1. Being surrounded by 15 or more Cβ atoms within 10 Å (Cβ to Cβ), aromatic (F, W, Y) and modelled with pLDDT of 95 or more, is that true of even one residue in the range 75-89?
2. Give me the residue from the range 112-136 that is exposed (fewer than 13 other Cβ atoms within 10 Å of the Cβ) and under 20 Å from V62 (Cβ atoms) and, out of that set, modelled with the highest pLDDT.
Amino acid sequence: MDKWDLELGLALPSNSPCAGSNDDMEEEEVTHPTLCLLPLTPGHSWRKKRHRMYVKVKMEGVGIARKVDLTMHHSFHTLNHALLHMFGKPPHQFSNSYRLLFQDQQGHWLLAKDVPWRTFLNSAQRLKLLRTTTTIVRN
């Protein structure tokens, strides 16, 4: 059994069969299995973060706010479903008891379904779930 010499480094050693070009590989016959290490750089696509849009969500009557990634949803329906699940409320309770509001870039609170979905995504800074019996006071 042959003993292998392994080197730990960022680049392949110059005498490695993997370091040469394809022409070198054809001329040289490898008699033992080789281990070709590729450096991991921050530019690999699997390491890149995709654009995420986290916003804070507060629900009336719940002391802890949560964050939700708006890019994971494609409509108000899927967002509402995720918020219900996140706060542990039954699905039928949302449409009857709660309204989803969002704060835009100017600081105004608006009903979420009053604007198109894309406009909502571009302008939502924070979300709030209010009971329908709560009076909404505008600043």
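1. No, there is no match, as no residue in the range 75-89 is surrounded by 15 or more Cβ atoms within 10 Å (Cβ to Cβ), aromatic (F, W, Y) and modelled with pLDDT of 95 or more.
2. So the residue we want is Q125.
The values are calculated or read from the model by the stated rules, or taken from the named source; none is laboratory data. What you see is a predicted model, and the numbers here were worked out from it, not measured in a lab. For neighbour counting, all protein chains shown are included, and Cβ atoms are generated from backbone atoms with ideal geometry for every residue, glycine included.
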